[in-house]
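The values are calculated or read from the model by the stated rules, or taken from the named source; none is laboratory data. Bear in mind that the values here come from a model prediction, so they are computed numbers and not experimental data. Note that we place each Cβ from the backbone using ideal geometry, even for glycine, and neighbour counts take in every protein chain shown. For accessibility, only protein heavy atoms count, side chains too; no ligands or nucleic acids. Shrake-Rupley method; radii C 1.70, N 1.55, O 1.52, S 1.80 Å.
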Amino acid sequence: MKRTRSDRIVDVIIAVVVTFICILCLYPMLHVLAASFSDPMRLMNHQGIMLWPDGWSLDGYKAIMRNKGLWTGYLNTIIYLVFGTAINMVMTIIGAYVLSRKGYRWKKAITFFIVFTMYFTGGTIPNFLLVKGLGLLNTRLALLLPNAIATWNLLVLRTGFASVPESLVEAPKIDGANELQVLTRIVLPVSKASVAVILLFYAVGHWNSWFNAMVYLPAARDLYPLQLYLREILISNSEVAAGDNSINYIGELVKYCAIVVSTVPVLCIYPFVQKYFVSGVMMGSVKE
């Protein structure tokens, strides 16, 4: 089909708009990355756009690496990410499968109560009292169990599972397969795009989490995740070793370095699941 002049004009407009959006998304990351490698004195005096380091210095990264708590935070975050995401996925997959299949009693009522929690919650103080009453305060389980299921993720995955044809589910049951076998051998392989997206949501949530640790781990500093250590650095800069004349400059540089340290792992993982992202979200957003 021959393209008309108006088609080419529309293509140009779309290309310009997409390019502009890409620049808006990439510029903050490039600015932070360039600032983290800049000379601290020149960084404080720099104004405007920064796409390349102003001078060259690794003082900010050296200051962060000297913080022993950083490595403890990295280890704790990896533990929370691995075990927390595993708990999240098991609970969410089981719940989504039950709510997505036909023939289960009280399915609508259970779905209503689950959706209800999206709009009405007890709040921070009741949650804290509940965690304390269960004896989870100042333990790793305080960060793993209370948020075992995210309601939105459960509903998205439920809709993704519901898109699996009922005939595809009933066929193995006729041959004697139980529900667990249907879930693991039929539904999950067919819905791997939706599962990958939910996995990414949970993993990123655990990586960036710091508020729950601040609330539930008041007397367990050795259990702090990475983000909570970085938060302390950003606020106080108490761990930065520098002279009196340059501590403000180093402190500003450390802020950029802390952002890079906390975001680079996620940016490295994202490309491997990007191909599932759009298809998984779209599949999980289609109404049953």
task: Go ahead and set up a Gaussian network model of the chain, Cα springs under 10 Å, then flag whichever of Ile174, Ile110, Ile13 fluctuates most.
output: Ile13
- prompt: Using a probe of 1.4 angstrom, how much of the accessible area of segment 156-232 is carbon and sulfur, in percent?
  reply: 60
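Which whole-number percentage describes the relative contact order of the chain, with Cα contacts under 8 Å and a sequence gap of 6 or more? Spell out each step's value before the answer.
On the way: 305 pairs, mean separation 84.6, N = 288.
For the chain, the relative contact order is 29 percent.
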statement: Counting every C-alpha pair in segment 121-180, the percent lying more than 17 Å apart is 61
field: Cα-based radius of gyration of segment 82-152 once divided by 2.2 N^0.38 Å, which approximates compact folds
entry: 1.27
- line: For the chain, the Debye formula with one identical point scatterer on each Cα and no solvent gives log10 I(q)/I(0) at q = 0.11, 0.13 Å⁻¹ as -0.87, -1.05
statement: Length gained, Met65-Val264, 0.36 nm per residue minus C-alpha separation, equals 70.1 nm
task: May I ask for log10 I(q)/I(0) of segment 1-84 at q = 0.18, 0.20, 0.21 Å⁻¹, from a Debye sum over the Cα atoms as equal point scatterers with solvent left out?
output: -0.89, -0.95, -0.98
Among Asn88, Asn76, Asn45: highest mean-square fluctuation, GNM of the chain, C-alpha pairs under 10 Å: Asn45
- request: Can you tell me how much longer the chain between Ile114 and Leu26 gets when fully stretched, taken as 0.36 nm per residue apart minus their C-alpha distance, in nm with one decimal?
  value: 27.9 nm
- prompt: What is the total of Lys pairs in the chain with C-alpha atoms under 16 Å apart, excluding same-chain pairs fewer than 8 positions apart?
  reply: 5
field: For segment 64-103 and segment 153-197, distance of Cα centres in Å
entry: 22
- prompt: Which value, in debye to the nearest 20, describes the size of the charge dipole of the chain about its Cα centre when Lys and Arg Cβ atoms bear +1, Asp and Glu Cβ atoms bear -1, and nothing else is charged?
  reply: 900
Descending principal axes extents, segment 1-155, alpha-carbon based, whole Å: 63, 61, 26
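At 30 Å minimum axial length over the Cα atoms and a Kyte-Doolittle cut of 1.6, report the qualifying DSSP H helices in the chain, or say none.
Details: long enough: 5-36 (46 Å, 1.67); 68-100 (47 Å, 1.20); 247-285 (51 Å, 1.14).
Flagged H segments are 5-36.
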- request: List the relative contact order of segment 1-92 as a percent without decimals, with contacts defined as Cα pairs under 8 Å and 6+ residues apart.
  value: 19
- prompt: Which of Val16, Val90, Val261 moves most in a GNM of the chain, Cα contacts under 10 Å?
  reply: Val16
